[in-house]
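Quick notes on the structure that follows.
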Ligand SMILES: Cc1ncc(COP(=O)(O)O)c(C=O)c1O
């Protein structure tokens, strides 16, 4: 039976971590990103929800869910990265002041200087929707490439934000390569959430934009008298979100940073595999990347994110689709007194993993290693809401991807 695998990072390096984390997220950046996001018309802080009853049931001190299903009207955190990268790009192109606002960028004078720019990106759904939304708000065009497996609902959501959508006969990684090639020919500006050689500034800005999630979280935790979470379980596709989380907390708290568990689908576990191989390099995950966690269906780590995760993260988990499906159902059927949270496949997987970690006897060694128990305050990011309604109903109503009996959970050998 397919297993939920976990792997202790045996090569974290405190000195290297300090460097790579601050390189990615310099200390003044989260405040700047937050200031930018706050002045976007219609922007709202996403809620931090407490699943106190579930925490007691699982033997934890608290479970805190940063609910990105309620981020703007886009049901995912992704818009934070795309919008901040476009803003930085335009500011650099026009040599504008640090405090240039969103309103300045849509002023008639600046619009006249810029003309109409076409922003292009590859996506498995949410990032493309965010880029399309930001381009649209700023009065520019967008072209979005999606892999073959992208569902109609995800494509429609991107189109509704004004983008032209191209379906590529391949995976997310193929779409990334294709959009880069076509953009060169057509003079489009690529806003990718992953980096490659010679293309790093924009994905770094994307990751910096994600820090708004954690800056808001810290403020919300302070509001209930908490200094920091003790553990963060965070989902990864190319690893940009996870690296932003790790680098943010490292920059803020140094060695008092929470413990980080990085979660991927078994069938697209590129970071897990790279840690397992253990020579410090990032490896491509071969295969069709089939998973219900569309947002995490990526075969190639973002090299910038990889450096941070390799140097700083604690544990890597690769899990089958049924773990994400369980997470969706646990969110959708809360214990009495806990809030109902709408969570899609990629959003819910970390709650699924947390329930396994706390409930399966085979995972006692992992619990010990993480020091996770009654004192723990665990932070999860519900990174998407119901972004694919047909699939959401299949899982939550019809019980698709039930947890099979007799599963085995083990530490992977490195
Ligand atoms: C809902 C959702 N969660 C998490 C992720 C993972 O982000 P990253 O690719 O930066 O690891 C994505 C990426 O598309 C996503 O759409």
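Among the residues in the range 148-168, are any within 16 Å of the ligand (Cβ to nearest atom), closer than 20 Å to residue 284 by Cβ and surrounded by 24 or more Cβ atoms within 10 Å (Cβ to Cβ)?
Among the residues of the range 148-168, not one is within 16 Å of the ligand (Cβ to nearest atom), closer than 20 Å to residue 284 by Cβ and surrounded by 24 or more Cβ atoms within 10 Å (Cβ to Cβ), which makes the answer no.
Out of everything in the range 173-199 that is within 15 Å of residue 282 (Cβ to Cβ) and within 15 Å of the ligand (Cβ to nearest atom), what residue ends up being surrounded by the fewest Cβ atoms within 10 Å (Cβ to Cβ)?
196
When the range 362-396 is examined, which residues are found to be touching a strand residue (DSSP E or B) at 6+ places or on another chain (Cβ under 9 Å), within 16 Å of the ligand (Cβ to nearest atom) and over 24 Å from residue 246 (Cα atoms)?
The one that is touching a strand residue (DSSP E or B) at 6+ places or on another chain (Cβ under 9 Å), within 16 Å of the ligand (Cβ to nearest atom) and over 24 Å from residue 246 (Cα atoms): 387.
When you look at residue 243, is it closer than 20 Å to residue 382 by Cα and assigned by TED's automatic domain parsing to the domain that holds residue 400, yes or no?
Yes, satisfied.
Regarding residue 95, is this residue out of contact with any strand residue (DSSP E or B) (no Cβ under 9 Å at 6 or more places or on another chain), at pLDDT below 90 and surrounded by fewer than 16 Cβ atoms within 10 Å (Cβ to Cβ)?
yes
Can you confirm whether residue 224 is in contact with a strand residue (DSSP E or B) (Cβ under 6 Å, 6 or more places away or on another chain) and under 29 Å from residue 312 (Cβ atoms)?
No; evaluated as a whole, the condition is false for this residue.
Have a look at 289, 241 and point out the one that is within 16 Å of the ligand (Cβ to nearest atom) and at pLDDT below 95.
Residue meeting the stated conditions: 289.
For the range 48-72, which residues satisfy the criterion of being over 18 Å from residue 330 (Cβ atoms) and without any contact (Cβ under 8 Å) to a residue 40 or more places away in the chain?
71
Give the residue that is surrounded by the fewest Cβ atoms within 10 Å (Cβ to Cβ), with candidates limited to residues of the range 387-401 that are at pLDDT below 95 and assigned to a loop (DSSP other than H, G, I, E, B).
For the range 387-401, the residue satisfying everything is 388.
Take residue 215 and decide whether it is touching a residue at least 12 places away in the same chain (Cβ under 8 Å) and either surrounded by 19 or more Cβ atoms within 10 Å (Cβ to Cβ) or away from the ligand (no atom under 16 Å from the Cβ) (or both).
For residue 215, the condition - touching a residue at least 12 places away in the same chain (Cβ under 8 Å) and either surrounded by 19 or more Cβ atoms within 10 Å (Cβ to Cβ) or away from the ligand (no atom under 16 Å from the Cβ) (or both) - is met.
The values are calculated or read from the model by the stated rules, or taken from the named source; none is laboratory data. The structure displayed is predicted, hence computed values, not measured ones. Cβ coordinates were reconstructed from backbone atoms using ideal geometry, including for glycine residues, and neighbour counts include every protein chain displayed.
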